[in-house]
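To start, the structure itself, in structure tokens.
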Amino acid sequence: MTRSETSRKLRLMKLSTMADEYDMQITSPIVQQLPFEDRFQLLVDKEYEFRKHRKLNRLLRQSGISQRDACINDMYYGKERDLRRETVLRIGSCKFIAEHRNILCMGPTGCGKTYFSSAIGIEACKQEYTVRYVSLDDLIADIEFSESEHPLMKRTLKYYRDPDLLIIDEFLRRKLSPADADRLFHIIDYRSANRKSMMICSQFPCVNWTSQIDDPVSADAIVDRIIHVSYHVVMNADGKGKSMREVFGIEYSS
């Protein structure tokens, strides 16, 4: 079999990156001097890295994370945040997902909850977990919109029920009506019963969450399914620290 035929067959098998590397090796006298095992390892490594990078891009695109530049290595640890590096690295390891636990991130507007949760979501994608990032208002609006059509309702519920990690931002920013509380319960109850992790970002401490839901029964049911298997992260606990927008002099999400 000729070299060109080998390259063609690699491409037919959708191993185009390996084929490109193979074509490069043919034209490189230096690489041709390497042992067969080393050259083969280079072929496999190139294809593996390409596929890994492509999968990460797909997971990030599907996640809905808007702050794609968020990074745990760039986290700010000024006194305004009450945030410890050890905490960030522990959560950034994403072991909480394997442990089927939740992360509750609480703090006033401007303390950097959105950046923090985005960074954790990106780390989860890097570890090949599926992630869905959404504000509570958008989640409820999606479910409400789908209620008129049963197949759409099933797809919408699946969209939020199935990911390994569901990140809900702006949690209980406004009071929930009984109908909206019921819509949220459909997601929380399923994920709790199936031990799927959530990361919830809220301006309010969790002890105040039930007061943000008009239906007391739904309030107790929702909060009970969240808080008992959760790690808590509280930023700017006394509310006196500077907003991250003020610290950085730029738009910096809550």
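Gyration tensor analysis over the Cα atoms of the stretch 3-62 returns equivalent ellipsoid semi-axes of 25, 14, 8 Å (largest first, whole Å). Given +1 at the Cβ of Lys and Arg, -1 at the Cβ of Asp and Glu and no other charges, the dipole of the chain around its Cα centre is 600 debye to the nearest 20. Taking 7 Å steps out from each Cα toward its Cβ at Thr109 and Glu86 produces label points 3.4 nm apart. The dipole here belongs to the stretch 136-224: it is taken about the Cα centre, uses +1 on the Cβ of Lys and Arg and -1 on the Cβ of Asp and Glu, and is about 300 debye. Put +1 on the Cβ of each Lys and Arg and -1 on the Cβ of each Asp and Glu in the chain; which of Ser148, Ser66, Pro29 then has its Cα farthest toward the positive end of the dipole? Farthest towards the positive end: Pro29. If the Kirkwood radius is taken over C-alpha pairs of the chain, then at 37 °C and 0.692 mPa s the Stokes-Einstein diffusion coefficient equals 159 µm²/s. In whole Å, what is the distance between the alpha-carbon centres of the stretch 87-136 and the stretch 52-81? Centre-to-centre distance over Cα atoms comes out at 9 Å.
For the stretch 1-107, the equivalent ellipsoid built from the Cα gyration tensor has semi-axes of 44, 16, 13 Å, listed from largest to smallest.
Assuming charge only on the beta carbon of Lys and Arg (+1) and of Asp and Glu (-1), the dipole of the stretch 3-62 about its Cα centre is about 520 debye to the nearest 20.
Laboratory data are not the source of any read-out in this text; all were calculated from the coordinates shown. Treat the numbers as computed from the prediction; the structure is a model and nothing was measured. Here the Cβ is made from the backbone with ideal geometry for all residues, glycine too, and neighbour counts use every protein chain on show.
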